[in-house]
Structures are given as C-alpha cells and as structure tokens.
Amino acid sequence: MGEKTLRNLYAAFVGEAKAHYRLQAFARQADAEGYPEIAALFRAVAAAEGVHAERHLRLLGEAVVKSTEENLRASFERETTVNQVYYPQFIREAEEEGERAAALTFSQARDVEEGHALLYKRALAAMLRGETNSYYVCQVCGYIAEREAPERCPICNAPQEKFFEVR
C-alpha cells in the first residue's frame, strides 16, 4: 500500500473512531436532557462511524479477527505493551510539562490497562474451563470489575453507582 494511502487510512480511522465515541457521549447527554429521539440519532450515526473505523482498521491489517483464544492472547499482549511502554512515557512527559490532570488520567489508564491484561488472561483460562463471568465498568476511569461492582473503584474511588454492567 502506498505511503500516502496508508497515512490517510490511519488518519481516517482515528477520525472515525473519535467521532464514534464523541457521538456516544452526545447520545448520553441527549438522553439525560430528555431527547430520546435525538439520542437515537446520535447512536445511529455513532454506529455508522464505528463501521467506517472498522473497515479502515481492516485495511490497515489491524482488525484481523482470529479464534477467540487467539484474540484473547493478542489482546493480553497489546494491553501489556500499552501498560508497560506507552503510558509510562505519556505520564513522564505530562509531568515534565507540568500537566498534572493529563498525568493523572494517564496514570489511571495505565493502572486500568494492567487490569485489562489480567482480565484477558483470566477469561482465557475460564473459557478453556467452560466458565462464564460478568463485568462492571467504572464510568469515570474505565476500571473493570468481575462478578459485581465494588463499593468504590480501586483506581479512582468512584462510588458503586458509577459502574454499569456490560452484557
């Protein structure tokens, strides 16, 4: 693939992925303000942007879907790299520039990513044993709890009400 096309595909992926998440946030706000039909529109467009992002990612060769076991192993490896390589650098650079808020979000994300890696590892073992599990996500920092939401998030101290069950 040509250099410009590759660069443009990556830029298109990033833009579509950002739009996907931004529109989901807009939908939550519309729901909170009592506009369910507008929220549905935002969710529909977010879903379409997600389709675009996934198509771009496939062309980039990064959305190769394999067996669930292989996907769990690859996800574990990615989370470990992000946790051990990227976030420590992001934290260090934010601190060097005096950006405390960014350093905090990077630190919390790093800690959460470490947990994600462990979740993948445990899920793989549970899958091989034929067990199932439920997951609860903190809406503040992204921490994931297994089986039940904790009274307080161990990463950001958010109350249990800030967790939602993922089905």
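The values are calculated or read from the model by the stated rules, or taken from the named source; none is laboratory data. Predicted, not measured: the structure shown is a model, and the values here were computed from it. A quick note on method: Cβ atoms are made from the backbone with ideal geometry, for glycine too, and the neighbour counts reach across all protein chains shown.
Couple of notes before you dig in:
- Within region 93-108, the set of residues being small (Gly, Ala, Ser), over 22 Å from residue 139 (Cβ atoms) and assigned to a helix (DSSP H, G or I) comprises just one member, 94.
- Residues located in region 110-135, provided they are touching a Phe, Trp or Tyr at 6+ places or on another chain (Cβ under 7 Å) and among the small types (Gly, Ala, Ser): 115, 117
- Residue satisfying condition, being modelled with pLDDT of 90 or more, acidic (Asp, Glu), outside the structural domain of residue 11 (by TED's automatic domain parsing) and surrounded by 15 or more Cβ atoms within 10 Å (Cβ to Cβ), within set 96, 49, 77, 113: 113
- Top-ranked residue of region 121-147 - restricted to ones that are assigned to a loop (DSSP other than H, G, I, E, B) and under 23 Å from residue 70 (Cα atoms), ranked as farthest from the chain's Cα centre (by Cα): 130
Yes/no matrix, rows are residues, columns are (1) farther than 30 Å from residue 107 by Cβ; (2) surrounded by 17 or more Cβ atoms within 10 Å (Cβ to Cβ); (3) of a type in the set (Asp, Glu); (4) touching an Asp or Glu at 6+ places or on another chain (Cβ under 6 Å):
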site	(1), (2), (3), (4)
23	no, yes, no, no
53	no, yes, no, yes
68	yes, no, no, no
73	no, no, no, no
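- Number of positions in region 1-15 that are under 24 Å from the mean Cα position of the chain (by Cα) and farther than 18 Å from residue 54 by Cβ: 1
- Residue in region 118-127 that is within 19 Å of residue 17 (Cβ to Cβ), surrounded by 13 or more Cβ atoms within 10 Å (Cβ to Cβ) and of a type outside the set (Asp, Glu) present: no
- Any hit, region 136-146, residues being in contact (Cβ under 8 Å) with a residue 12 or more places away in the chain, touching a Cys at 6+ places or on another chain (Cβ under 8 Å) and charged (D, E, K, R): no
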